[in-house]
1. How many nm is it between the label spots at ALA67 and THR79, if each spot is 7 Å from the Cα in line with the beta carbon?
2. Express in nm, to one decimal, how much length is gained between ARG47 and ALA21 on full extension, taking 0.36 nm for each residue of separation and deducting their alpha carbon distance.
Amino acid sequence: MTDHGAEETEIPGMTLEELLALPVSVPLDDANRALSLRRSTGYALARSGRYPVPVLRAGRTYRVARAALLRVLGISPDTPAPTADTDNTAV
């Protein structure tokens, strides 16, 4: 038996590296991804003024400040980005 009303699609978030590489302001779609929100949910929250962080509106475009996004996620902007080089031995 299948429950046709339930969506089980996982919403991919962003890695720490991706979050720290974001520009000063990001489109709402990117903020939605960082917060693991579906696109329709994110836009509905933005329109109703209930988005988890302040939303800037310029014409028909919604943007979110990176600093506010990192703050709500509990990430310090001073957090060093992870590196691929795991061998930190001095030569």
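1. Between ALA67 and THR79, the label points sit 1.8 nm apart.
2. Working: separation 26, 0.36 × 26 = 9.36 nm, distance 2.66 nm.
Separation in residues times 0.36 nm, less the Cα-Cα distance, equals 6.7 nm.
Laboratory data are not the source of any read-out in this text; all were calculated from the coordinates shown. Everything numeric in this text was worked out from a predicted model, so none of it was measured. Positions of Cβ are generated from backbone atoms using ideal geometry, with glycine treated the same way; all protein chains shown enter the neighbour counts.
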